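The values are calculated or read from the model by the stated rules, or taken from the named source; none is laboratory data. Predicted, not measured: the structure shown is a model, and the values here were computed from it. Please note: Cβ atoms are built from the backbone with ideal geometry, for glycine as well, and neighbour counts cover all protein chains shown. For accessibility, only protein heavy atoms count, side chains too; no ligands or nucleic acids. Shrake-Rupley method; radii C 1.70, N 1.55, O 1.52, S 1.80 Å.
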Amino acid sequence: MATPSHTAGADATTAPEAGNGRVLLITGASSGIGAATARAAVAAGWRVALAARRRDKLDALVAELGADRALAVAVDVTDLDDQTRMAETVVAHFGAIDAVFANAGTGGGPGGFAAAPVDGWRRMVDVNILGCAYTLRACLPAIKDRRGHVLITGSVAGRRTIAGSFYAATKWAVSAIGYGLREEVRGTGVRVTLIEPGVVDTAFFDDPKPDGLRPEDVARSVLYALSQPATVDVHEVMVLPTPPRDA
Ligand code: NDP
């Protein structure tokens, strides 16, 4: 029988894998998908570093999850120096980064290419595209040290056509970052997973989305990818709400 070609983190031959104290850094951890993923990861045995701008939200989550399992790091993902400090802080505190979930993101206003406010376009480029790329720049050395795992929140909007959506354009870029990174790290043992949700009921929207996914639904997708043995590379998880039943 063939021997697995690489072993990252924990035992490469058994699934599903528990976190076993491994370290997951999550950007955009102060709410929504990131916060739900932090809760699910700690329940699965991971230690988590929680990164976002709103320190009060992060501190509340650390208090909930336990200071032995969770660390808060205030960061603006649009600032590469901030992200470099974030990665250094996590390595200094926990000793490693086994997985990073580049999840911070933001949306824009309505109006399409004809009329949407262009300051929103700039913000989405800075947060969704550059913020993601900066997370990779800051974390890849530590991730490579551990033959670890990069997960990135793209979107179904980054895989399908959405009329007039600059947000979708940024998420197409995020999909491309994930595809390009996977080729860049081929042969290093590092795995890359794009998480591609449909509508999720989070603070991303001004109004509730009762027919959308719950953030916990997306968190389970993240944990599915994270819990595979090192020989299994989950490339993409597109997770959508089941269409409402016909009346
Ligand atoms: P939330 O608004 O609940 O969460 C967004 C997170 O991003 C917050 O933790 C926020 O933290 C963080 N963030 C935003 N800007 C910055 C910044 N400059 N620096 C650091 N952190 C930042 O929305 P979701 O949980 O829904 O969004 C998470 C990801 O999921 C995003 O990438 C989004 O594009 C994506 N997505 C969302 C979908 C949905 O329907 N909700 C569908 C598909 C993808 P803080 O404000 O504290 O900095």
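Whole number in Å², please: accessible area per residue of the chain, 1.4 Å probe, ligands, DNA and RNA not counted. Please report the intermediate quantities before stating the final value.
Details: 11700 Å² over 247 residues.
Heavy-atom SASA per residue in the chain reads 47 Å².
Beyond 20 Å, how much of the Cα-Cα pair distribution for segment 109-247 remains, as a whole percent?
Working: 5045 of 9591 pairs.
Of all Cα-Cα pairs in segment 109-247, 53 percent lie more than 20 Å apart.
Which of the peptides 107-114, 41-48, 240-247 is most tightly packed, and how do the rest follow, going by the mean number of other Cβ atoms within 10 Å of each residue?
Working: 107-114: 13.4, 41-48: 21.5, 240-247: 8.2.
So the peptides 107-114, 41-48, 240-247, ranked by packing, come out 41-48, 107-114, 240-247.
Which residue fluctuates the most in the chain, going by a Gaussian network model with Cα springs under 10 Å, if the choices are G148, G34, G95?
Of the options given, G95 has the highest mean-square fluctuation.
Which residues does a label at R122 reach in segment 79-102, if reach means a backbone N under 16 Å from a point 7 Å past the Cα toward the Cβ?
Residues 79 fall inside that zone.
How high is the relative contact order of the chain? Use alpha-carbon pairs under 8 Å, at least six apart in sequence, and give a whole percent. Show your work: numbers first, answer last.
Numbers: 504 pairs, mean separation 55.4, N = 247.
Taking the mean separation of contacting Cα pairs over the length of the chain, I get 22 percent.
Order 214-221, 202-209 from most to least packed using the mean count of other Cβ atoms within 10 Å. Mind showing how you got there, number by number?
On the way: 214-221: 19.5, 202-209: 12.0.
Put in order of decreasing packing, that is 214-221, 202-209.
Rounded to the nearest percent, how much of the accessible area of the chain (1.4 Å probe, protein heavy atoms only) is carbon and sulfur?
Values: 6190 of 11700 Å².
Accessible surface attributable to carbon and sulfur in the chain totals 53 percent.
Where in the chain are the helices, taken as whole DSSP H runs, whose Cα atoms extend 24 angstrom or more along the long axis and whose Kyte-Doolittle mean reaches at least 0.0? All intermediate terms of the calculation are to be shown ahead of the outcome.
Numbers: long enough: 166-184 (27 Å, 0.07).
Span-like helices, by this rule, are 166-184.
Provide the gained length on full extension for the span E216 to E64, in nm with one decimal, where the gain is 0.36 nm per separating residue minus the Cα-Cα distance. Before the final figure, lay out each step's value.
Numbers: separation 152, 0.36 × 152 = 54.72 nm, distance 1.63 nm.
Fully extending the segment from E216 to E64 adds 53.1 nm.
Where both residues lie in segment 75-194, what percent of DSSP beta bridges are antiparallel, nearest 5?
On the way: 0 of 8 bridges.
Rounded to the nearest five, the antiparallel share is 0 percent.
Multiply the residue separation of D81 and R245 by 0.36 nm, subtract the distance between their alpha-carbon atoms, and state the gained length in nm to one decimal. Please list the in-between numbers first.
Numbers: separation 164, 0.36 × 164 = 59.04 nm, distance 4.84 nm.
Extending this stretch completely gives an extra 54.2 nm.
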